[in-house]
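Novice: A single structure is presented below for examination.
The values are calculated or read from the model by the stated rules, or taken from the named source; none is laboratory data. Here the structure is a predicted model, which is why all the values come from computation and not from measurement. Virtual Cβ from ideal backbone geometry, glycine too; neighbours counted across all protein chains shown.
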Amino acid sequence: MKNRKPLIIAALTAACCAMSICALSTIFGLGFLGESELPLYEFEQVPSSYEGYLRTTLTSGNTVYVMDYEEYALLAATSAPTEMIGRFPVTIGSSGLYAIPGQDPSAYVLEFDPMYQQVYRNINHPPFDWLNADFQKLQVMFPAANPKETEDAKVINNVHTTLMGAAIMVVPFQLDGNYSGYENYTALLFSDELPGLVYAAGLHIAPDGSVYLAESIVSNIWHPAGITFRDWLRDE
């Protein structure tokens, strides 16, 4: 009997380990199974009709999402989406296609990766008409300081009308928006017409203090900022 006791303990230990492994396999297996049931999207990238830009499409069956010139100015308001609605041929960790809170997938979705995010538009949904949109809030993002924001309609309208005006400066195109020799920032415009998303304009400051605004953070067509916005930006 003394000799059988260690064998019984070893058998019970092995049984517990086996049950634990089965439980973990079931949990993670169901997770992988659920993810594998999501639509698989194929990625294609070609030159855009807008010089210097790329046109990217995600396609699954009859569903097609596009990121082109108009979508370069759109960012998701949330940095941590939770509802995955699609996967890619190579999906690592939490990367995949996600629903955007506030947006129906028939309009906009988010390609999410822990290192980057991209907003895509359903090809059956019209591009965001920022020219005729009403914006309620402006927020300027600084990498080493707190954002500066306002709901002052005069400041917001000054930015909006500036972006619609005639540009007087065209610089060599940089797809990443990092224009050498300038301080490069992002001016976020919030609209009730664009729930869950923000319109991201480019903000560039020259060494001499001149301030320029651009239709998107990557656009190389710049407009001199209006005095109302410049005064607000410089006001401590």
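Novice: Just give me the residues in the stretch 178-215 being modelled with pLDDT of 95 or more, within 20 Å of Tyr53 (Cα to Cα) and among the polar types (S, T, N, Q), in sequence order.
Specialist: Across the stretch 178-215, the qualifying residues are Asn184, Thr186.
Novice: Now, a different point. Consider only pairs whose beta carbons are under 7 Å apart and that are at least six residues apart or on different chains; among these, list those whose first residue lies in the stretch 56-73 and is on the phi < 0 side of the Ramachandran plot and whose second residue is basic (Lys, Arg).
Specialist: Close Cβ pairs satisfying both conditions: Tyr65/Arg121; Val66/Arg55; Val66/Arg121; Asp68/Arg55; Glu71/Arg121.
Novice: With the requirement that a residue be aliphatic (A, V, I, L, M) and touching a strand residue (DSSP E or B) at 6+ places or on another chain (Cβ under 9 Å), what does the stretch 201-236 give you? First the steps, then the outcome.
Specialist: Our first condition is that a residue be aliphatic (A, V, I, L, M); within the stretch 201-236, this holds for 201, 203, 205-206, 211, 213-214, 217-218, 221, 225, 227, 233.
If the condition is that a residue be aliphatic (A, V, I, L, M) and touching a strand residue (DSSP E or B) at 6+ places or on another chain (Cβ under 9 Å), then Ala201, Leu203, Ile205, Ala206, Val211, Leu213, Ala214, Ile217, Val218, Ile221, Ala225, Leu233 are the ones that fit.
Novice: Quick check on the stretch 166-193: of everything there that is of a type in the set (S, T, N, Q) and in a strand (DSSP E or B), which residue is nearest to Val119 (Cα to Cα)? Working first, answer last.
Specialist: Within the stretch 166-193, the subset of a type in the set (S, T, N, Q) is 174, 178, 180, 184, 186, 191.
With in a strand (DSSP E or B) added as a condition, the list becomes 184, 186.
Numbers: Asn184: 21, Thr186: 16 Å.
Checking each candidate, the answer is Thr186.
Novice: In the stretch 194-213, what residues are in contact (Cβ under 8 Å) with a residue 24 or more places away in the chain and either hydrophobic (A, V, I, L, M, F, W, C) or assigned to a loop (DSSP other than H, G, I, E, B) (or both)?
Specialist: Leu194, Pro195, Gly196, Leu197, Val198, Ala200, Ala201, Leu203, Ala206, Pro207, Leu213
Novice: Go through the stretch 208-236 residue by residue and tally those that are farther than 14 Å from Asn184 by Cα and of a type in the set (S, T, N, Q).
Specialist: Of the residues in the stretch 208-236, 1 are farther than 14 Å from Asn184 by Cα and of a type in the set (S, T, N, Q).
Novice: Among (1) aliphatic (A, V, I, L, M); (2) surrounded by fewer than 20 Cβ atoms within 10 Å (Cβ to Cβ); (3) in contact (Cβ under 8 Å) with a residue 60 or more places away in the chain; (4) over 30 Å from Asp104 (Cβ atoms), where does Ala167 come up short?
Specialist: For Ala167, the exception is condition (3).
Novice: Just for the stretch 63-90: of the residues that are hydroxyl-bearing (Ser, Thr, Tyr) and crowded, with 18+ Cβ neighbours inside 10 Å, which one is modelled with the highest pLDDT?
Specialist: Here the residue is Tyr65.
Novice: For the stretch 204-221, check the following and say yes or no: at least one residue is hydroxyl-bearing (Ser, Thr, Tyr) and more than 17 Å from Asn158 (Cβ to Cβ).
Specialist: yes
Novice: Of all residues being under 26 Å from Thr59 (Cβ atoms) and charged (D, E, K, R) in the stretch 114-159, which is farthest from the chain's Cα centre (by Cα)? Just the residue, please.
Specialist: Asp129
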